[in-house]
Amino acid sequence: MNLDPYLLRAFLTAAEIGTVNGAAATLNRTQAAVSMQIRKLEDLLGKELFERSSRGLTLTADGQFLITYAREILALNEEVRRRLQATPIEGRVRLGVVEDFAATRLIHILKAFRDRNPKVNIDIIVESNRRLAAMFESDKLDVTICDVSQINRKPILVWNEELRWVARSDIAFSSDAPLPIIMFEESCPWRAPAMAALANRNLQWTIVCEASTLVAMITAVRVGIGVGPMIAATVPDDCRMLDGADAFLRSPRIDVGLYAHSGASGESYYLADFIARNSRLK
């Protein structure tokens, strides 16, 4: 059994976009051609990869299993081709990333990538989750990392994170007064889980500040305005997470996804695959 990259590309694109029409437009092929390629792959594997309905395509359990390997096969196919042809990975990638990841876990991954691929230039665009999603959908980004609720595609990888409630280390809060909360602005998708975490506690609280960026959140917490939600990796040294005896707030969970266009350039797809394979680098 040979898994033709041509068929895998059609499968991946349909899985990410969710419709055959959308995949055909992205791949510059006809709807009939893409449907035939997906059916051919399913016949080859002897498995149904999609559940088909009037709403579009949904991956089956076998499709979910195949999708990770399909991405790896296509990335390795591109890398082998370039290396055997003595063509180094080069070009330019537009990478959009939410600020909380750009400031923490991505640094070591991108450093490792750059050390191995010095001819790949990376434009790093740091924006809000909503703005990153809009730029990705309008093809202004090749690869993006943002909240999964903002993009209606299957992510290459999902990071499951907790937002920890953080305060300046030298500040204590009285149970006799409402807890001062620093909250994300209304357009941020992380506001809803943070507000739900507050609502699930028998606690008096009030929003005293809204922060539009990670820098704004860190500044407000360090100044001592109140308690704010942050990913653990972004907590400043002079601040503390409210846990142990202070664990009166539930930590809301968020999901951050890695996305790449199926029709992206080889260097873009290689970068996305490199990030996925090295996602535990710290």
Can you spot a residue in region 83-91 that is under 26 Å from residue 139 (Cβ atoms), in contact with an Asp or Glu (Cβ under 6 Å, 6 or more places away or on another chain) and not small (Gly, Ala, Ser)?
yes
Output the number of residues of region 186-204 satisfying the condition of being more than 22 Å from residue 105 (Cα to Cα) and in contact with a helix residue (DSSP H, G or I) (Cβ under 7 Å, 6 or more places away or on another chain).
1
Within region 159-179, does at least one residue satisfy the condition of being within 27 Å of residue 16 (Cα to Cα) and among the aromatic types (Phe, Trp, Tyr)?
yes
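Since every read-out is calculated from the coordinates, none of them should be taken as a lab result. On a predicted model such as this, the values are computed, not experimentally measured, just so you know. In this analysis, Cβ positions are derived from the backbone assuming ideal geometry, glycine residues included, and neighbour counts consider all displayed protein chains.
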